[in-house]
Amino acid sequence: MFKNLIVYRIAPSWQSDLPRLEAALAATPFAPCGATQEQSAGWVSPRGQEHGALVEAIAGHWLLCWQMETRMLPSAVVAQRVEEKVQRITQESGRTPGRKERRDLKDEARLDLLPQAFTQRRSITVWIAPHERLLAMDTSNQTRADAVATALVKAIEGLSLALLDTRQSPQAAMSAWLLEQQAPAGFAIDNECELKSTAADKAVVRYARHPLDIAEVPEHIRAGKLPTRLAMTWQGRVSFVLTEGLQLRRVALLETEQQERQRGDDDFDADVALATGELSQMLPDLIAALGGEQTGA
């Protein structure tokens, strides 16, 4: 259901209200790019249904979906069209366009080419746990997550979001766990991590499908290499890769994957309930393992 998670804390001042949320999102529905429009974005049905609800409430959790469309126009193609225009002007007038005119020609070239450009769509699922005051996005791209967060704050009156901030940084915590070769309560360290040197050479050591309870891992840390990624499992039920920026990547619900294989069909409500149920239990344990949240969060 979720492959990646970037987690935000919702400020306590926001009074959650499902009908108001639906109405707020309806003011910015997704519409495809126009002929000369480079980008478009807006809200779509999380179920993927045309004209479906923009907010799905399942087992006390809310799901939204932000969709973006971009016209793919390679810079090399634009540059080629500009050169064609420059050559035509040179042949017809005997002069070479200057820098300012070239900029204008570039704008013209983009407008000429945009209607012919292919479009690419991306969507980001947004999960809101209103009782826990948590909001998470299924993306590993912080810039895109921040753009969606900005759109939400603009659309929803009184909403304020801040990236989850723990007392201990993930990097410091991961260093301690690997030095001590001891995972925090409820978690297990899996067979993957990345260590980067703080020295000028920026040396990188990666372990994949390799036990980490070996002497050389603490030695690397003592030598100045710090973990940037560490694979972990919570309660044997959720596996993920924790990053230095407190992102969760390659999230997998281990027990529910088996259930899905046995079920053999798509059940949106069941998938959402299982995923949000597991993750809403796991996240508080992860926050505790990182020393709790910063005061004032």
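The values are calculated or read from the model by the stated rules, or taken from the named source; none is laboratory data. All figures in this text were calculated on a predicted structure; none of them were measured in a lab. Here the Cβ positions follow ideal geometry from the backbone for every residue, glycine too, while neighbour counts run over all protein chains shown. The area values use the complete protein model at the heavy-atom level, side chains included, leaving out ligands, DNA and RNA. Shrake-Rupley method; radii C 1.70, N 1.55, O 1.52, S 1.80 Å.
The gain in end-to-end length when the ALA215 to ASP201 segment is fully stretched comes to 2.8 nm, 0.36 nm per residue minus the alpha carbon separation.
Within the assembled protein chains, the solvent-accessible surface assigned to SER280 is about 20 Å², based on a 1.4 Å probe. In the chain, what percentage of the DSSP-assigned beta bridges are antiparallel, given to the nearest 5? Taking every DSSP beta bridge within the chain, about 100 percent pair in antiparallel fashion.
For the range 233-244, 3J(HN,Hα) computed residue by residue from phi via the Karplus equation (6.51, -1.76, 1.60; θ = phi - 60°) reads 10, 9, 6, x, 10, 10, 10, 6, 10, 8, 9, 5 Hz, glycine and proline entered as x.
Add +1 for every Lys or Arg and -1 for every Asp or Glu among the other residues with Cβ under 15 Å from the Cβ of VAL78, and state the total. Cβ neighbours under 15 Å give a net charge of 0. The string of couplings for the range 60-65 from the Karplus curve (6.51, -1.76, 1.60, θ = phi - 60°) is x, 10, 10, 10, 10, 8 Hz, one whole number per residue in order, with x for Gly and Pro. Specify which labelled value, from [x] 20.1, 62; [y] 24.1, 77; [z] 19.3, 64, agrees with Rg and Dmax of the Cα atoms in Å derived from the coordinates of the model shown. Here the calculated entry is [y]. The accessible area of THR243, taken with all protein chains in place and a 1.4 Å probe, comes to roughly 10 Å². Every helix of 4 or more DSSP H residues in the chain counts as -39500 (n - 2.57), and over all residues that averages to -11500 deg cm²/dmol at 222 nm.
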